[in-house]
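Peer 1: This is the structure I have questions about; it appears just below.
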Amino acid sequence: MTIGSLLFIGAIVVIAIFGVTLYNGLVALKHGVAKAWANIDVLLKQRHDELPKLVEVCKQYKQFEQDTLQRVIEARSRVQTAREAQNIEALGEAEGMLRMGLGQIFAIAEAYPELKANDNFMQLQQRITSLENAIADRRELYNESVNINNVRVEQFPDAVIARLFSFETKPLLEFSTVEKADIDMKQLFS
């Protein structure tokens, strides 16, 4: 074999190793995003299971605002549908509505001393608040995983391998502007 042939074979081997390394890195990122989503999914399911209990406890107080409870039930349903479909955009919007509804329930509960004294309500409120905090933490981790994935899929030379093997960018989990708005406390108690 000539030196030119050896150099050519060596260059091919180096390029192949580089390509495999890029491919494996993209696979690891794709699975990192899936893992981060699975962590959020578990927490959403747990919260999904707790919400009917909270609504039932609130319904025991006949004068409790039924409109707010209905909005929470509808938002819970929308979150579940978006979660099962893994529709990140719809999930973000539904999450915003659900979080706003939960905030209203907890704010309205302040006007019902006997509800606030109910052990079941207090335990559910604490459990749901804990789940909300965990979801926020996992959302941050998910968005960071998605960001790293998206950068690698779009930057050269990774983009070449990404296009060749159909790696795609993923959407960030962003909550709707409804969730970011302040709750109108006057409206809640009027």
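The values are calculated or read from the model by the stated rules, or taken from the named source; none is laboratory data. If you're wondering where the values come from, they're calculated on a predicted model, not measured in any experiment. Ideal geometry is used to build each Cβ from the backbone, glycine not excepted, and the neighbour counts take in all protein chains shown.
Peer 1: What about Lys53, is it surrounded by fewer than 16 Cβ atoms within 10 Å (Cβ to Cβ) and among the charged types (D, E, K, R)?
Peer 2: Working: surrounded by fewer than 16 Cβ atoms within 10 Å (Cβ to Cβ): yes; among the charged types (D, E, K, R): yes.
Yes, satisfied.
Peer 1: Look at Lys53 and say whether it is touching a residue at least 60 places away in the same chain (Cβ under 8 Å), farther than 30 Å from Leu115 by Cα and assigned to a helix (DSSP H, G or I). Give the derivation first.
Peer 2: Details: touching a residue at least 60 places away in the same chain (Cβ under 8 Å): yes; farther than 30 Å from Leu115 by Cα: no; assigned to a helix (DSSP H, G or I): yes.
So Lys53 fails the test.
Peer 1: If you go through region 171-180 one residue at a time, do you hit one that is surrounded by 17 or more Cβ atoms within 10 Å (Cβ to Cβ), modelled with pLDDT of 90 or more and not β-branched (Val, Ile, Thr)?
Peer 2: no
Peer 1: Turning to a different aspect of this structure: Can you name every residue in region 102-118 that is surrounded by fewer than 19 Cβ atoms within 10 Å (Cβ to Cβ) and either closer than 18 Å to Arg47 by Cβ or touching a strand residue (DSSP E or B) at 6+ places or on another chain (Cβ under 8 Å) (or both)?
Peer 2: Gly103, Phe106
Peer 1: Quickly run through region 72-112 and pick out the residues that are more than 13 Å from the chain's Cα centre (by Cα) and part of a loop (DSSP other than H, G, I, E, B).
Peer 2: Hits for region 72-112 are Glu110, Ala111, Tyr112.
Peer 1: Residues that are touching a Lys or Arg at 6+ places or on another chain (Cβ under 7 Å) and not aliphatic (A, V, I, L, M), at least 2 per element: which helices (runs of 4 or more DSSP H) completely within region 113-178 meet that?
Peer 2: 119-154
Peer 1: Same structure again: Would you call Ala36 part of a helix (DSSP H, G or I) and out of contact with any helix residue (DSSP H, G or I) (no Cβ under 9 Å at 6 or more places or on another chain)? Don't jump to the end; show me each part of the working.
Peer 2: Numbers: part of a helix (DSSP H, G or I): yes; out of contact with any helix residue (DSSP H, G or I) (no Cβ under 9 Å at 6 or more places or on another chain): no.
In short, no.
Peer 1: Do you know which of the residues in region 77-101 that are farther than 18 Å from Ala136 by Cβ and surrounded by 15 or more Cβ atoms within 10 Å (Cβ to Cβ) is modelled with the lowest pLDDT?
Peer 2: Ala90
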